[in-house]
Amino acid sequence: MGTDWDRFQWLKRNARGAAAADRLTEALTLVRGEPLTGAEDWAWVLPNITEMRCAIGDAAQDMAQLRLEAQDLPRATAAARQGLRGSPWDQRLYGDLMLAAHKAGNPAGVIDVWSELRARLEDEDDDVDIRIDPDVRAIYERCEGTLVADLRGLTGHASLACASMVHRRRPRQPTWPRRGGGGGGGPPAPGTSR
């Protein structure tokens, strides 16, 4: 007797050539959520869950990449979304979603996916910018850069293009109280107190 996991592994392992898309599609239909949700045997679950999440993410990314190359953007998006059901922290899939939105000419979709990724990571840690994979950040910046260039071409004004993105690019900076006497803000000088 086999399990969904056995079937998934076989399909993923044999997803080559002309059969790749069909086998990856079938493998992803077996993903209904995070693997082993509700399992009680933690001695077995813990060593296996990472492998399962990685395999789901790999299959979803392979499928999304096949669909992106074929310009089948709805199916690329569907593959990445299905992968996120089983591997919700797989940043590569967020990158695929941004690429699909970008190729579809949907700049709001790129921004939405970026925000979704940041929100996912903020659930775990306040220092999101450090935790975002450099390759995924590069995808976002490339999509964003194209958007800025497109807006410049439409408006003829770089300031309008940049102003439209300020709400997404605000860096987190500490706000320091102003020094007495109306001086500039900033951290206290070494050896002084407030």
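Throughout, read-outs are computed from the coordinates displayed, never taken from laboratory work. The structure presented is a predicted model; accordingly, all values stated were derived computationally and were not measured. We place every Cβ from the backbone using ideal geometry, glycine too, and count neighbours over all the protein chains shown.
Computed quantities for the displayed model
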item: Criterion: more than 21 Å from the chain's Cα centre (by Cα) and among the hydroxyl-bearing types (Ser, Thr, Tyr) - qualifying residue of THR37, THR50; result: THR37
item: Selection count, the range 10-55, where residues are of a type in the set (A, V, I, L, M, F, W, C) and either at positive phi or in contact with a Ser or Thr (Cβ under 6 Å, 6 or more places away or on another chain) (or both); result: 1
item: Selection status of ALA64, more than 16 Å from LEU97 (Cβ to Cβ) and surrounded by 14 or more Cβ atoms within 10 Å (Cβ to Cβ); result: no
item: Complete set of residues in the range 53-71 that are under 20 Å from the mean Cα position of the chain (by Cα) and among the small types (Gly, Ala, Ser); result: ALA55, GLY57, ALA59, ALA60, ALA64
item: Meets criteria (in contact (Cβ under 8 Å) with a residue 24 or more places away in the chain and either surrounded by fewer than 20 Cβ atoms within 10 Å (Cβ to Cβ) or over 10 Å from the mean Cα position of the chain (by Cα) (or both)) for LEU84; result: no
item: Residue in the range 15-36 that is surrounded by the fewest Cβ atoms within 10 Å (Cβ to Cβ), counting only those that are in a helix (DSSP H, G or I) and among the acidic types (Asp, Glu); result: ASP22
